[in-house]
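FYI, it's all coordinate maths here, none of it is from the lab. None of these values were measured; they are calculated from a predicted model. Positions of Cβ are backbone-derived with ideal geometry, glycine not excepted, and every protein chain shown enters the neighbour counts.
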Amino acid sequence: QKMKVIVGVKRVIDYAAKVRVATNKSGVELNNVKMSLNPFCEIAVEEAIRMKEKKSASEVVVVSVGPKGATEQIRQALAMGADRGIHIQTDMRLDQELQPLAVAKLLKSVVDTEAPNVVVLGKQSIDGDCAQTGPMLASMLKWPQATFACKVDVSEDKSKFTVERETDSGTEVIEVNAPAIITADLRLNEPRYATLPNIMKAKKKKVETIDAASLGIDLAPRITVVEVNEPPARKGGIMVEDVDTLVDKLKNTAAVI
Amino acid sequence: ETTKKMFATRFARAALVIAEHNNVNLSASTLSAVSAASKLGDVTVLISGNNCGGVAEEASKVSSVSKVLLSQDSSLEKGLAENMTNAALNSINSGDYTHVIAPSSNFGKNYIPRLAAELDVAPITDVTEIVNESTFVRPMYAGNALATVTSSDKLKLMTVRTTAFEKSATSGGSASVEDLAVSDANASLSTFVSEALSSSDRPDLTSARVVVSGGRGMKSGENFKMLEDLADKLGGAVGASRAAVDAGYVPNELQIGQTGKVVAPELYIAVGISGAIQHLSGMKDSKTIVAINKDPDAPIFQVSDYGLAADLFDAVPELSSKV
């Protein structure tokens, strides 16, 4: 029984890069900044590949919505072991203009064509920090969802996913019927590094490009960014010599204990 | 009918708060959501769960709450997203709301976007400031950028960062409690199997006055005992960095950071935590920050008010004995 997995990946500012707000407050400075695969998307790709290795899936298709550069992230996913890619091309700003509601609609059109058994996404992207696309897509497809997954098991007959997920007070286990949406949390797995031979192989894997505007979906943002500011800076602190000084400061200066 | 209600002209603004609770008690986070909602309009609170009449009673006494809706069904007991969405839709359709608010937590983030897509609106996640009925501030990039945004949707759906809104008082309100039947709560798409919760007598991490937090420098889960002792001395909660959770020292619900919990206590003591941007994102709004770390160049010292470059295995017990 074939099971196709679709994984959505996003091109974002590298998690270690220093984020600067543009002087005109229009947004975060993106020029000449290192871009990478969103860490949670990378975990999602890894999970999909493990499903294939465990014979729970037969094909992993990676999708990314973004500018020409997004093909780098698709190739990285292919190098990790995904089979083919779909690049939905748009020059809309990914951290502001192109919003989760529109992304979910774009992904739905891919799902409608590809008919996968499961879509695995990262739980959030580290630019917008919205954590919305997964549940939105699930709603549009009327599929069950398992968000913040830290462990995924696929049933023998591939009809169910047993997912342990992180909650505010610990973890819980739920069972969702296939087809379903799963969003990956930090501890779902540790993504593999792409080996050089696999990077070379990835260059030959098929990546289809679709123009986002051609899909007849309203991508217009509902939320307008009026301005973006740096957060207020904290007042500088001091170093203390010893615990006695620390206790004195906390009791008498900060008056917090 | 729904569309007509959503687009009807109205002069009064009405905010629906979807409460967070465990069927026994209302969560502290809901109190912050109520105070946020009170800035937007008349506040109705939806209690959706099972055998949770007591929670509805509790909610009816919260200051600023005008009305409480109680939707009970066994399928709502464990907060499954598909069923929560159905219950929320049911209450939205029963009223004339302009805003729908939930606390920003794993619980809220699970179903709010699903609900938003049902309504074809764009939710605003993690609101830290309400400028006016359609303008909000929210953090991006792990809090390194604050975006002021306006929503063009007629129904505004949002989650609020609870540390940014003071909790409404738990008494002073005298709202009516109305049973709101949900005929189709159970979407039958998912099933709850089990849960693993840690129980603690310590205050809730996101609303504690003091938080003592440990990082990779703690070296083991057993060593967290000294942080627990310090927290107990100070009447605080215990938190952790991602590194400590990944290493298995403590369970995931203690994680503070960009993808964990956000806290803003009066006093945050970071022990053996280097201070990665992603961690800072979860605690840099704390009033007073103390950092204890062997490495004087640790980035945490750039945000701490008081930094002690010392061996935590000496400093923490000494601190416990002297506070």
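Overview of results
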item: Lysines whose Cα lies under 16 Å from that of B:LYS154, excluding same-chain neighbours fewer than 8 positions away; result: B:LYS4, B:LYS5
item: Relative exposure of B:GLU57, B:GLU222, judged by other C-beta atoms within 10 Å (fewest first); result: B:GLU222, B:GLU57
item: Chain lengthening between A:ASN32 and A:ASP153 when straightened (0.36 nm per residue, less Cα-Cα); result: 39.5 nm
item: The stretch B:142-295: antiparallel DSSP beta bridges as a percent of all, rounded to 5; result: 0
item: Cross-link reach list, lysines versus A:LYS249, counting only Cα pairs under 27 Å and skipping chain neighbours closer than eight places; result: A:LYS235, B:LYS225, B:LYS233, B:LYS284, B:LYS287, B:LYS294, B:LYS322
item: Loop GluC sites (Glu not before Pro), the stretch B:233-318, which have at most 10 other Cβ atoms in a 10 Å radius of their Cβ (DSSP); result: none
item: Share of alpha-carbon pairs per 20 Å distance bin for the protein assembly as shown, given as whole %; result: 21, 55, 24, 1
item: Rg/Rg_globular for the stretch B:144-238, with Rg_globular taken as 2.2 N^0.38 Å and Rg from C-alpha atoms; result: 1.66
item: Sequence-distant aspartates and glutamates (8 or more away, or on other chains) whose Cα lies within less than 20 Å of B:LYS219; result: B:GLU228, B:ASP229, B:ASP246, B:GLU253, B:ASP295, B:ASP297, B:ASP311, B:ASP314, B:GLU318
item: Cα-only Debye scattering, chain B: base-10 log of I(q)/I(0) at q = 0.13, 0.14 Å⁻¹; result: -0.95, -1.07
item: Net length gained if the chain between B:ALA247 and B:ASP295 were fully extended (0.36 nm per residue, minus Cα distance); result: 15.3 nm
item: Considering only chain A, percent of DSSP beta bridges that pair antiparallel, nearest 5; result: 40
item: Percent of Cα-Cα distances greater than 26 Å, calculated over chain A; result: 45
item: Pair-distance profile P(r), taking every C-alpha pair of the stretch A:157-257, with 10 angstrom steps and integer %; result: 9, 13, 16, 29, 16, 12, 5
item: Per-residue Cβ neighbour rank within 10 angstrom, fewest leading, A:CYS150, A:CYS41, A:CYS130; result: A:CYS150, A:CYS130, A:CYS41
item: Cα-projected label distance for B:ASP311 with B:ASN186, points at 7 Å along beta-carbon direction, nm; result: 6.1
item: Restricting the stretch A:26-110 to trypsin sites (Lys or Arg not before Pro) in coil, as DSSP defines it, with at most 11 other Cβ within 10 Å; result: A:LYS34, A:LYS54, A:LYS55, A:LYS68
item: Convex hull of Cα atoms in the stretch B:56-198, direction-averaged projection (nm²); result: 10.2
item: Calculated FRET efficiency for the pair B:ASN50/A:GLU241, C-beta based, R₀ 45 Å, to 0.05; result: 0.20
item: Helix B:106-119 axis, angle to chain B major axis (alpha carbon atoms, nearest 10°); result: 30
item: For the stretch A:133-181, the fraction of alpha-carbon pairs in successive 5 Å shells from zero, as %; result: 5, 23, 27, 24, 16, 4, 0
item: Most fluctuating residue given options B:ALA145, B:ALA298, B:ALA14, as computed from a GNM of chain B linking Cα atoms under 10 Å; result: B:ALA145
item: Two-decimal Rg/Rh across the stretch B:187-283, once Rg and the Kirkwood Rh are taken from alpha-carbon atoms; result: 1.03
item: Using a Förster distance of 25 Å, the FRET efficiency for A:GLU72-A:ALA17 (Cβ separation, nearest 0.05); result: 0.95
item: Residue with peak Gaussian network fluctuation, chain B [Cα springs, cutoff 10 Å], from B:SER64, B:SER241, B:SER198; result: B:SER198
item: Fraction of beta bridges assigned by DSSP in the protein assembly as shown that are antiparallel (%, nearest 5); result: 35
item: Sites B:ASP96 and B:ARG216, calculated FRET efficiency, Cβ-Cβ separation with R0 56 Å, nearest 0.05; result: 0.60
item: Rounded Å value of the spacing that divides the Cα centres of the stretch B:76-145 and the stretch A:106-180; result: 18
item: Relative packing of B:176-184, B:105-113, A:153-161, which averages over residues the other C-beta atoms within 10 Å, highest first; result: B:105-113, A:153-161, B:176-184
item: Burial ordering of A:MET140, A:MET239, B:MET218, fewest other beta-carbon atoms within 10 Å first; result: A:MET239, A:MET140, B:MET218
item: Helix runs (DSSP H) in chain A reaching 15 Å along axis by Cα, Kyte-Doolittle at least -0.5; result: A:39-53, A:70-80, A:100-114
